[in-house]
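Okay, structure first, notes after.
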Amino acid sequence: MLAELRQKSQVTIPKEIIVKLGLSEGDKLDIFEKDGTICIMPVVVYPKNYLDELRKEIDDVKVKIASGKQPVFDSVDALFDKLEAD
């Protein structure tokens, strides 16, 4: 598909691509150059406090795993078996 570079360096992404990727107004896109190609990649941006909370939760689980207080499963089936048993 051909797109035209307009004033203020604007380009319209063809509707077929927008629909295929499930994009909508306000979605964030990372735009970068790689080997002479312009790449546009949809991204999800999370608030910093959400990421901080997630990091803390992961660190807490790592401590529990190291101390043996957090069960570790070899497979999803083993996890479900444990959940069904409780």
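The values are calculated or read from the model by the stated rules, or taken from the named source; none is laboratory data. Since this is a predicted model, take the numbers as computed values, not measurements. When we count neighbours, we look across all protein chains shown, and the Cβ atoms used for this are built from the backbone with ideal geometry, even at glycine. Calculation scope for accessible area: heavy atoms of the full protein, side chains included, ligands and nucleic acids excluded. Shrake-Rupley method; radii C 1.70, N 1.55, O 1.52, S 1.80 Å.
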Which loop-located trypsin sites (Lys or Arg not before Pro) does segment 1-35 contain, where loop means any DSSP state but H, G, I, E or B and the Cβ has at most 15 other Cβ atoms within 10 Å? R6
Intensity falloff of segment 1-60 expressed as log10 I(q)/I(0), Debye formula with alpha-carbon point scatterers, at q = 0.12, 0.15, 0.24, 0.26 Å⁻¹: -0.48, -0.66, -1.12, -1.21
Less than 9 Å Cβ to Cβ from V43, Lys/Arg counted +1 and Asp/Glu -1: what total charge do the surrounding residues give? -1
Using helices alone, I'd like the mean residue ellipticity at 222 nm for the chain: each DSSP H run of four-plus residues gives -39500 (n - 2.57), total over residue count, nearest 500. -13500 deg cm²/dmol
With all protein chains present, the chain has a carbon and sulfur share of its accessible area (1.4 Å probe) in percent of 56 percent
Once both labels are modelled 7 Å past Cα along the beta-carbon direction, what's the Y46-D27 spacing in nm? 2.0 nm
Lys pairs in the chain with Cα under 30 Å (8 or more apart in sequence, or on separate chains) total 21
Charge dipole (debye, nearest 20) of the chain; +1 at Cβ of Lys and Arg, -1 at Cβ of Asp and Glu: 420 debye
When ligands, DNA and RNA are left out and all protein chains stay put, how many square angstrom of accessible area per residue does the chain have with a 1.4 Å probe? 97 Å²
For L83 and I58 in one chain, what is 0.36 nm times their gap in residues minus the Cα-Cα distance, to one decimal in nm? 6.9 nm
Under 8 Å for C-alpha pairs, at least 6 residues apart: give me the relative contact order for the chain, rounded to a whole percent. 12 percent
